[in-house]
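For reference, the structure discussed in these notes is given below.
The values are calculated or read from the model by the stated rules, or taken from the named source; none is laboratory data. Everything numeric in this text was worked out from a predicted model, so none of it was measured. For neighbour counting, all protein chains shown are included, and Cβ atoms are generated from backbone atoms with ideal geometry for every residue, glycine included. Only protein heavy atoms, including side chains, enter the accessible area calculation; ligands, DNA and RNA are left aside. Shrake-Rupley method; radii C 1.70, N 1.55, O 1.52, S 1.80 Å.
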Amino acid sequence: MEGDTFSGLRNGTQVDGKVVQTFQKSFVQVQNILDQNRLLINEINQNHESKVPDNLSRNVGLIRELNNNIRRVVDLYSDLSSNFSKSVDSSEGDSSGGLRSDSKATNKRNRPG
């Protein structure tokens, strides 16, 4: 897939195959975290329903882990959004996005109309 381009995103925009691979890798990471969260939630529910003191105190750690996982998913989606905007902007030759001179990402988007 290396060096491939994909067209048809918007107005014939092309995206490099490496960009697509990066997105796929990120989506796999997100899915793995979400699968782990499902298991954590099931265990938290079982512990809660059991009302056993040791199980309830174990939930504190499980809930912290769940919260950390949610933060990781948010960060991954934020990175995906930023990277996608940059790749579309650069493939269109648009200078409204990308990195500013202070190395901060910009989030300007062109709206049709």
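Each residue, Q21 and I41, gets one label point 7 Å from its Cα in the Cβ direction; the gap between the two is 3.3 nm. With protein chains left intact and a 1.4 Å probe, residues in the stretch 17-82 average 69 Å² of accessible area per residue. For the listed peptides 79-90, 45-56, 62-73, a ranking on the average number of other beta carbons within 10 Å per residue, highest first, reads 79-90, 62-73, 45-56.
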